[in-house]
Amino acid sequence: MEEIKEVITLDSNWTKLVEQAREIQDECKDVIAKAHTLRMSDDLTINGLKMSSFASSGLCGKLKIPTVYFNRCAQENPHLAAQNVNYWLENDSREFMLREYKDTIRGCLSASYSKFDAPEILAAMDEALDMNKYKVKGSFINEERLHVRIIEKEMLPIEGEDLFAGFTLDSSDVGRSGLYVRFFIYKQVCTNG
C-alpha cells in the first residue's frame, strides 16, 4: 500500500490555492470498473496500480474484509491478502469507481459516488464570495483532502475586541468526509496572527 500524499500547505494565497487544486486535478482520473474484472497481485496492486491505504481500506469495506485483518495479511503474508481480496472480487457484480492520482488509486468508491472535487468547490466559493473582502488564514490541499480557513478582512464592530468573522471549509475528493462549512470567530492575538 502506497502513501502518496503530496502535501501542499499554503498560508494565505487564494490564487495559488486554486492553481494547486487544478494541478492536482490534472493528475487525476476516474475509472469505473466491474469488481470481477479487478485483480490484486501479491505486491498488493490492483490491475498494476498501487493503492493508498485509504483506498485499500475502502476496498476492504466494500468487500466486507476487516481492514485490521487485511493489513496484518499485507504485512505478514501479502499472497494471502491478495487471495482474500480476489476471492471476493471474482463473484461481485458491482461497479466501483477507482479514483486515481498519478499511478496510484487514491480512492475506491461506489460507481454512484457523487463527485464534487476541490477545483469545483473553490470555483463555487470564488463565485459566491467577493474574495476582496476575505483573506485565507490557512489552507491545506493534497490529492485526497481540502481544508481552507478564511476570515473577513475587516474586524467585527465590537469595541475593545479584535475579532474577525470567518469560516472553515473541509472536503475530501475520495470520501474521507463530506463537504463541511463551519463558521467561527477569529481573535487576533498579535500582529503576526
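Here are some notes:
- S112 falls short on exactly one of the conditions (1) of a type in the set (S, T, N, Q); (2) surrounded by 16 or more Cβ atoms within 10 Å (Cβ to Cβ); (3) out of contact with any strand residue (DSSP E or B) (no Cβ under 7 Å at 6 or more places or on another chain), and that condition is (2).
- In the stretch 159-176, the count of residues that are open to solvent by 60 Å² or more (accessible area, probe 1.4 Å), farther than 30 Å from A33 by Cα and assigned to a strand (DSSP E or B) is zero.
- Only one of the numbered conditions (1) free of Cβ contacts under 8 Å to residues at least 12 places away in the same chain; (2) surrounded by 15 or more Cβ atoms within 10 Å (Cβ to Cβ) is violated by Y87, and that is (2).
- Any chance F140 is under 22 Å from M51 (Cβ atoms) and open to solvent by less than 50 Å² (accessible area, probe 1.4 Å): no
- For the stretch 43-83, a residue qualifies if it is in a helix (DSSP H, G or I), touching a Phe, Trp or Tyr at 6+ places or on another chain (Cβ under 7 Å) and without any contact (Cβ under 8 Å) to a residue 40 or more places away in the chain, and the qualifying residues are C60, L63.
- Residue match in the stretch 63-73 (condition: under 27 Å from S177 (Cβ atoms), exposed (fewer than 13 other Cβ atoms within 10 Å of the Cβ) and touching a helix residue (DSSP H, G or I) at 6+ places or on another chain (Cβ under 9 Å)): yes
The values are calculated or read from the model by the stated rules, or taken from the named source; none is laboratory data. Being a predicted model, the structure only gives us computed values, none of them experimental. Cβ atoms come from the backbone with ideal geometry, glycine included; neighbour counts cover every protein chain shown. Side chains included, ligands, DNA and RNA excluded: accessible areas come from the protein's heavy atoms. Shrake-Rupley method; radii C 1.70, N 1.55, O 1.52, S 1.80 Å.
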